[in-house]
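The values are calculated or read from the model by the stated rules, or taken from the named source; none is laboratory data. Quantities reported herein were computed from a predicted structural model and do not represent experimental measurements. Neighbour counts are summed over all protein chains in view; Cβ atoms, including those assigned to glycine, are modelled from backbone coordinates with ideal geometry.
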């Protein structure tokens, strides 16, 4: 009798040990699948197949509960004799708040026969012929992600403690990959949204560039066409002044002079507008440009003005860069011309041009000791036809710095001013040493 009892105990221990080994092996297999693949759908499908076979039950489901209260099976393994629940999205009343709170606290539901079914699952049990079931919560952080469900449909079943323990460990192992999958999905959605925004921005940028080119082209043509009538006004005005000088009284001569001065200012504005338009409409290919030679050429042109104001211009070493030569000349013509023009009364202008290499770019500083300006106007000075001083104080059209910024931007650079009233101004221009190949 004792031998029989010992044999039964040994057999039971052997079966328990086999169950534990099989359970441990299956959980290790689940963990290996999770670590070796990022395809969550395939992982879950394989896992529920293996778990159903191990538990010898009719259906195993990974069931997700969504934020709006609806719920759906995301992976299922079901016997051939029973319905699949994969295609159905269950409404919120199938999984009410009371059930949600219960599972969120980590509670497990186990039911050995249909007469024990909980209220929140009655509809699901009836439709899918479920006789016995157990439900294990999957909790991510502070929210219920869903459940691991095991269904027995053929007959009643008493779920063993080791089966519940096994399913609970399975639910724990699923938490990390499910959380990673959600994070990945959010990142993908953000990337798609960003990609969509970038494409829209690219389209709008191209459209804006096209519109700007059309506008600049129109400005160029219009300005060019306006020059002819202005030339006639100036020519006939000069002729009238020469021929009728002795006939006209002082008031008439004043009117005539005002007309000629206005025509000259209009001509200057048109010339500047043409220059502004040419920055993008009449361009030359980028070539290797010796900026020191460009600046020396500009200083040669400004020689008489420098002598007249008693100015000094000091230029340091400046490297060669890829650039449009005429535009570089225009850039430094405007900057150096302004530095000489906006000088303080009784103070000879001193202008310094220096350069430093910063990786694949060069930083050029044009500094003067002139009248300067309030830093709050640092953006306004680059606007077309904007002036901080009256025409009677300093001549000009107010477009020179606009041209400078347009040239620098075309060369994929930046221009930033720093100044204080009566303390001079410094313009910092940063330009790439090499321009990208237009073919690339």
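Residues that are in contact with a strand residue (DSSP E or B) (Cβ under 6 Å, 6 or more places away or on another chain) and assigned to a loop (DSSP other than H, G, I, E, B) were ranked within the stretch 83-105; the one that is nearest to residue 123 (Cα to Cα) is 95.
Scanning the stretch 408-417 for residues that are in contact with a strand residue (DSSP E or B) (Cβ under 9 Å, 6 or more places away or on another chain) and either outside any loop (DSSP other than H, G, I, E, B) or under 11 Å from residue 330 (Cα atoms) (or both) returns 408, 409, 414, 415, 416, 417. State yes or no: is residue 347 under 19 Å from residue 310 (Cβ atoms) and part of a strand (DSSP E or B)? So residue 347 fails the test. The residues of the stretch 350-379 that are surrounded by fewer than 12 Cβ atoms within 10 Å (Cβ to Cβ) and under 25 Å from residue 288 (Cβ atoms), listed by number, are 357, 358, 359, 360. Residue count for the stretch 339-349 under the criterion of being in contact (Cβ under 8 Å) with a residue 40 or more places away in the chain and buried (at least 17 other Cβ atoms within 10 Å of the Cβ): the result is 4. Among the conditions (1) over 36 Å from the mean Cα position of the chain (by Cα); (2) exposed (fewer than 13 other Cβ atoms within 10 Å of the Cβ), residue 186 misses just one, which is (1).
Just checking, does the stretch 164-178 include any residue being outside any helix (DSSP H, G or I), in the same structural domain as residue 42 (by TED's automatic domain parsing) and touching a helix residue (DSSP H, G or I) at 6+ places or on another chain (Cβ under 6 Å)? Scanning the stretch 164-178, I find no residue that is outside any helix (DSSP H, G or I), in the same structural domain as residue 42 (by TED's automatic domain parsing) and touching a helix residue (DSSP H, G or I) at 6+ places or on another chain (Cβ under 6 Å), so the answer is no. Against the condition farther than 19 Å from residue 406 by Cα and at pLDDT below 90, how does residue 343 come out, does it pass? Considered against the rule, which asks whether it is farther than 19 Å from residue 406 by Cα and at pLDDT below 90, residue 343 comes out as yes. Taken over the stretch 44-82, the criterion of being out of contact with any strand residue (DSSP E or B) (no Cβ under 8 Å at 6 or more places or on another chain) and either surrounded by 15 or more Cβ atoms within 10 Å (Cβ to Cβ) or part of a strand (DSSP E or B) (or both) is satisfied by 46, 50, 54, 69.
Every residue, every condition in (1) out of contact with any helix residue (DSSP H, G or I) (no Cβ under 9 Å at 6 or more places or on another chain); (2) closer than 23 Å to residue 136 by Cβ; (3) modelled with pLDDT under 90; (4) in the same structural domain as residue 174 (by TED's automatic domain parsing), yes or no:
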position: 10; (1), (2), (3), (4): yes, no, yes, yes
position: 24; (1), (2), (3), (4): yes, yes, yes, yes
position: 34; (1), (2), (3), (4): no, yes, yes, yes
position: 45; (1), (2), (3), (4): yes, yes, yes, yes
position: 51; (1), (2), (3), (4): no, yes, yes, yes
position: 60; (1), (2), (3), (4): no, yes, no, yes
position: 78; (1), (2), (3), (4): no, yes, no, yes
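Taken over the stretch 281-331, the criterion of being in a strand (DSSP E or B) and more than 16 Å from residue 352 (Cβ to Cβ) is satisfied by 287, 288, 289, 290, 320, 321, 322, 323. Taken together, 256, 274, 248 contain a single residue that is at pLDDT 75 or above and assigned to a helix (DSSP H, G or I), which is 256.
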